[in-house]
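**Student:** Starting off with a structure, shown below.
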Amino acid sequence: MLELYDVVIIGGGPAGLTAGIYSSRARSKTLLLEDFALPAQATTTSQIENYPGFPEGISGLDLTERFKKQAKEFGVEFKQAKVKNVEFGPNYRGSTSIIKIEAENETYNSLSLIIASGARPKELGITGEKEFRGKGVSYCATCDAPFFKDKEIIVVGGGDTAVEEALFLTKFAKRITLLHRRDKLRATKILQERLFSEQKISVVWDSVPKEILGREKVEAVRVINLKAEKERTLSCSGVFIFAGLLPNTDFVKGIVELDKKGYIVVDSRMKTSTEGIFACGDCRSTILRQVITACGDAAFAAFSAQQYVEQIL
Ligand code: NAP
């Protein structure tokens, strides 16, 4: 007989861990499933300085570790699992079904489900990107920056991640070229100010990488200026790509409503289109993806799941 949880949470980033803290404090029987192959975006962020309470900033990994410690202390059970599918099992009472969460080697039964599966970096799909992944192509400055000490680096993107991580990379690299496809950055103004005053960084506007070149490792990038329609080749040892995110929601396609980009649609209480299933954090449809919004979402999701379970018991 499989154990029955009050709530299963998918995802071990700030959203999942906060949902865990709230659920376990409500004395709900809580299981959190984390997939180590899909690290939370926060854990790959070098420095977080807009989460209140840390005026000097804190690394994303340290902040997430603190959340995890807190969740464990309140009694959340943790398991490593790659969730493949979500289904509805036998009736629990009346017409209410048990939710079956199917992972690679195990199935978990729960009365409610909170999806906090986050998002992953988007690939550009250009020639050389896959071939040189781990050989100069990276999507995580915190993980790979030390390999590029005194080297030339190209950073792709104009959002918060690209600018923040380009600034972090200045601690290691000799020179950084930030390639952006438009003539205006998307990043928060304070980050832009820092970027423009950093001697090691130059910005190449209206440009995108077309091909990553090299023999064993990255040696250069073929870049096209979209306005002038001119190509040139820039030498570099590393290409850091921060071109936005893709939601980790494939396993719930057809189970809950997704928006055009694949993010989960929720109401203001984090309820999805399906009874008993809630979503929070980067995987949900929203205009702002921050640690603080993920935590706020998660508090609502946990509260809503708790109310739902109380109502069906
Ligand atoms: P983002 O905001 O979606 O920015 C992606 C950037 O990549 C944009 O500048 C975009 O250009 C560019 N881009 C997209 N596709 C491209 C392509 N095929 N070729 C070249 N360039 C391409 O993604 P993000 O920076 O990863 O941020 C994701 C979310 O996390 C955002 O909500 C962000 O605010 C948040 N975040 C917050 C913080 C913070 O608060 N400290 C830090 C990191 C991330 P366009 O501008 O032309 O679209």
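**Student:** Would you mention how many residues in region 97-152 are free of Cβ contacts under 8 Å to residues at least 24 places away in the same chain and of a type in the set (Lys, Arg)?
**Tutor:** So the count comes out to 3.
**Student:** Sticking with this structure for a sec: Identify, please: which residue in region 263-285 is surrounded by 19 or more Cβ atoms within 10 Å (Cβ to Cβ) and in a loop (DSSP other than H, G, I, E, B) and is, among those, nearest to the ligand (Cβ to nearest atom)?
**Tutor:** Here is the first cut: in region 263-285, the ones surrounded by 19 or more Cβ atoms within 10 Å (Cβ to Cβ) are 263-264, 266, 270-272, 276-284.
Narrowing further to those that are in a loop (DSSP other than H, G, I, E, B): 263, 266, 270, 272, 276, 280.
Numbers: TYR263: 11, VAL266: 16, MET270: 18, THR272: 21, GLY276: 28, CYS280: 15 Å.
The qualifying residue nearest to the ligand (Cβ to nearest atom) is TYR263.
**Student:** Which of (1) within 15 Å of the ligand (Cβ to nearest atom); (2) out of contact with any Gly (no Cβ under 8 Å at 6 or more places or on another chain) is the odd one out, the single condition GLY128 does not satisfy?
**Tutor:** Answer for GLY128: the failing condition is (2).
**Student:** Being in a loop (DSSP other than H, G, I, E, B) and over 20 Å from the mean Cα position of the chain (by Cα) is the filter here, so list the residues in region 1-43 that pass it. Before you say what the answer is, go through the steps one by one.
**Tutor:** At the first step, the residues of region 1-43 found to be in a loop (DSSP other than H, G, I, E, B) are 1-3, 11-13, 26-29, 35-40.
MET1, LEU2, GLU3, ALA26, ARG27, SER28, LYS29, listed by residue number.
**Student:** When both residues are 6+ apart or on different chains and their Cβ atoms are under 9 Å apart, which pairs have a first residue that lies in region 57-76 and is hydroxyl-bearing (Ser, Thr, Tyr), and a second that is not in a helix (DSSP H, G or I)?
**Tutor:** Between residues of region 57-76 that are hydroxyl-bearing (Ser, Thr, Tyr) and residues that are not in a helix (DSSP H, G or I), the close pairs are SER59/THR45; SER59/SER46; SER59/GLN47; SER59/ILE48; THR64/GLY12; THR64/GLY13; THR64/ALA40.
**Student:** Scanning for something without any contact (Cβ under 8 Å) to a residue 12 or more places away in the chain, within 30 Å of ASP144 (Cβ to Cβ) and surrounded by fewer than 16 Cβ atoms within 10 Å (Cβ to Cβ), does region 231-240 turn up at least one residue? Before the answer, list the steps.
**Tutor:** So the first thing to find is which residues in region 231-240 are without any contact (Cβ under 8 Å) to a residue 12 or more places away in the chain, and the list is 232.
Next cut, within 30 Å of ASP144 (Cβ to Cβ) only: 232.
Checking the rest, the ones that are also surrounded by fewer than 16 Cβ atoms within 10 Å (Cβ to Cβ) come to 232.
Yes, the conditions are met somewhere in region 231-240.
**Student:** What number of residues within region 78-105 are out of contact with any Asp or Glu (no Cβ under 6 Å at 6 or more places or on another chain) and assigned to a loop (DSSP other than H, G, I, E, B)?
**Tutor:** Total satisfying the criteria: 5.
**Student:** Inside region 194-262, counting only strands (runs of 3 or more DSSP E) that do not spill past its ends, which hold 3 or more residues that are under 26 Å from the mean Cα position of the chain (by Cα)?
**Tutor:** Values: elements: 201-204, 207-214, 218-225, 230-235, 238-241, 245-247.
Result: 207-214, 238-241, 245-247.
**Student:** Here's something else I'd like to know. Working only within region 171-185, note down all residues that are surrounded by fewer than 16 Cβ atoms within 10 Å (Cβ to Cβ), under 22 Å from ALA145 (Cβ atoms) and within 25 Å of the chain's Cα centre (by Cα).
**Tutor:** LYS171
**Student:** Enumerate the pairs (first residue in region 1-30 and within 21 Å of GLU102 (Cβ to Cβ) and touching a residue at least 60 places away in the same chain (Cβ under 8 Å); second residue anywhere and hydroxyl-bearing (Ser, Thr, Tyr) and in a helix (DSSP H, G or I)) with beta-carbon separation below 6 Å, excluding pairs fewer than 6 apart on the same chain, so at least 6 apart or on different chains.
**Tutor:** Listed by first residue and then by second, the contacts come to VAL7/SER23.
**Student:** If you go through region 148-193 one residue at a time, how many are assigned to a strand (DSSP E or B) and more than 7 Å from the ligand (Cβ to nearest atom)? Step through it out loud before you land on a result.
**Tutor:** The first filter runs over region 148-193 and keeps only residues assigned to a strand (DSSP E or B), leaving 152-156, 175-179.
Of the ones still in play, those that are also more than 7 Å from the ligand (Cβ to nearest atom) are 152-155, 175-179.
Qualifying residue count, region 148-193: 9.
**Student:** Any residue at all in region 295-312 that's surrounded by fewer than 21 Cβ atoms within 10 Å (Cβ to Cβ), in contact with a Lys or Arg (Cβ under 8 Å, 6 or more places away or on another chain) and at pLDDT below 95?
**Tutor:** yes
**Student:** Could you please find all residues in region 292-313 being in contact with a strand residue (DSSP E or B) (Cβ under 6 Å, 6 or more places away or on another chain) and of a type in the set (A, V, I, L, M, F, W, C)? Even if it seems obvious, please write down each step before you answer.
**Tutor:** Restricting attention to region 292-313, the residues satisfying the condition of being in contact with a strand residue (DSSP E or B) (Cβ under 6 Å, 6 or more places away or on another chain) are 301, 304-305, 308-309, 312.
Answer for region 292-313, where residues must be in contact with a strand residue (DSSP E or B) (Cβ under 6 Å, 6 or more places away or on another chain) and of a type in the set (A, V, I, L, M, F, W, C): ALA301, ALA305, VAL309, ILE312.
The values are calculated or read from the model by the stated rules, or taken from the named source; none is laboratory data. If you're wondering where the values come from, they're calculated on a predicted model, not measured in any experiment. Positions of Cβ are generated from backbone atoms using ideal geometry, with glycine treated the same way; all protein chains shown enter the neighbour counts.
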